[in-house]
1. Of the residues that make up region 250-263, is at least one within 12 Å of ligand 2 (Cβ to nearest atom), more than 30 Å from residue 186 (Cβ to Cβ), in contact (Cβ under 8 Å) with a residue 12 or more places away in the chain and open to solvent by 20 Å² or more (accessible area, probe 1.4 Å)?
2. Could you check region 284-309 and list, in sequence order, the residues that are in contact with a helix residue (DSSP H, G or I) (Cβ under 9 Å, 6 or more places away or on another chain) and either away from ligand 2 (no atom under 12 Å from the Cβ) or not assigned by TED's automatic domain parsing to the domain that holds residue 348 (or both)?
3. Only residues that are modelled with pLDDT under 95 and not hydrophobic (A, V, I, L, M, F, W, C): list them for region 219-232, please.
4. What are the pairs with Cβ atoms under 9 angstrom where one residue, in region 131-150, is open to solvent by less than 10 Å² (accessible area, probe 1.4 Å) and among the acidic types (Asp, Glu) and the other, located anywhere, is assigned to a loop (DSSP other than H, G, I, E, B) and near ligand 1 (Cβ under 10 Å from one of its atoms)? Sequence gap at least six, or different chains.
5. How about region 164-184: which of its residues are closer than 15 Å to residue 237 by Cβ and in contact with an Asp or Glu (Cβ under 8 Å, 6 or more places away or on another chain)?
6. Residues that are open to solvent by 40 Å² or more (accessible area, probe 1.4 Å) and away from ligand 1 (no atom under 16 Å from the Cβ): does region 152-170 have at least one?
7. Collect the residues in region 115-130 that are open to solvent by 50 Å² or more (accessible area, probe 1.4 Å) and in contact (Cβ under 8 Å) with a residue 40 or more places away in the chain, keeping them in residue-number order.
Amino acid sequence: MSSLPKQQRVLSGMRPTGALHLGHYHGVLKNWIKLQHEYECYFFAADWHALTTHYEDPQILEQSVWDMVIDWLAVGVNPGSATLFIQSRVPEHAELHLLLSMITPLGWLERVPSYKDQQEKLKERDLATYGFLGYPLLQSADILVYKAGLVPVGEDQVAHVEMTREVARRFNHIYGREVGFEDKVEAAIKKMGKKNAKLYNELRRKYQEQGDDEALQTGQALLENQQNITLGDKERLLGYLEGSGRIILPEPDALLTPASKMPGLDGQKMSKSYANTIALREDPHQVAQKLRKMPTDPARVRRSDPGDPEKCPVWKLHQVYSNDEVRAWVQEGCRSAGIGCLDCKGPIIDAIQAELVPIHERAQEYEKDLGLVRKIIHEGNDKAREVARQTLTEVRQAMGLEYR
Ligand code: TRP
Ligand code: SF4
């Protein structure tokens, strides 16, 4: 049974913003690297999402995508375990986005908090566009086109996954009703064989009559393992189990990524827009240079002035990189002016440089062999497309668009 979670497909996207930094690594990528061993993972470059805000700078897009992909590979996102691809190379995302737009109330999009927030934040850009309003729905299409079960995202994206659930529910409600549903369900149950049919009916009763969530989950797992029934029948039986019509687009769950503890060079969150980053492919001298120039407790004007680590962004880095012994040394040395700030930064400089060594090595390999990077992405595009194509066939059929 240890293979059960594998059935959940994990999907996440990242907007290509160019070379990635330590904030991405500690916040998002380490999590992807862990997930790729536990689930069937799909990770993609959300280039269309980048265009919703940066439609005026198309010239930076391609380089940003390749830089981002190289950084994924350099930190250990493994194309042997996870499918890596580019959103716009899988046009099914766009088709599903369009089809979902037919049933998505405007209010749902206008009410998503990021809509107004981002418009406020990016005032210099004109974001009163159709594309920007549709940002979360495009994201819904990204997720639903793979029927993903889990979507690793940061706090700021949870509302988008929530909306995706609502869109899926509405879709299934409208298009999951079909003539002869009950008859088809009955025929499908028979196809599972006597034993499984009996088990299915029992589990369904337990869930529907007693609200037994475990029975629901066991029932879903039972259906996943059926080899004798078609995808359409599986959707009917999943829906029938829950008491709805056919579930064509399953509702995903957000998998909340814990907020990164990685501070930027000024103590704020590390972010390109604050110009406080250390890039993953930053050269070691530059890394040392940036850290040496980092501000410290403003009260330590002279070497002989005692300081307070709580008021110092360098201390936040010790909390990420240093062991108890080093931390005790900092606390004591800072408060007593026993150590200077450059001394204090020494172990951080060493730790970050060491952390980046294997990343640089791998990045160099890929920089030298861009053909390999392209090949990885082409294979990922094809694999993703295959899954997306199947979903679209079903969606078109449900929406009356399958002309024969
Ligand atoms: N909007 C996400 C972000 O800004 C990126 C994204 C696009 C995404 N499509 C997605 C994340 C689908 C998860 C699933 O971070
Ligand atoms: Fe910050 Fe360290 Fe200097 Fe104290 S000694 S102010 S913790 S850099």
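1. Taking region 250-263 and keeping what is within 12 Å of ligand 2 (Cβ to nearest atom), we get none.
No: zero hits.
2. 284, 287, 288
3. 220, 224, 225, 226, 227, 228, 230, 232
4. 142/46; 142/148
5. Of the residues in region 164-184, the ones closer than 15 Å to residue 237 by Cβ are 172, 176, 178, 180-184.
Listed by number, the residues that qualify are 176, 184.
6. yes
7. 118, 125
Condition check ((1) assigned by TED's automatic domain parsing to the domain that holds residue 349; (2) surrounded by 15 or more Cβ atoms within 10 Å (Cβ to Cβ); (3) at pLDDT below 95) across all residues:
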residue	(1), (2), (3)
15	no, yes, no
21	no, yes, no
31	no, yes, no
36	no, yes, no
42	no, yes, no
45	no, yes, no
53	no, yes, yes
57	no, no, yes
72	no, yes, no
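The values are calculated or read from the model by the stated rules, or taken from the named source; none is laboratory data. Everything numeric here is computed off the predicted structure, so don't read it as measured data. Heads up, the Cβs are rebuilt from the backbone with ideal geometry, glycines too, and the neighbour counts pull from every protein chain shown. Each accessible area value is taken on the protein alone, full model and side chains, heavy atoms only, with ligands, DNA and RNA left out. Shrake-Rupley method; radii C 1.70, N 1.55, O 1.52, S 1.80 Å.
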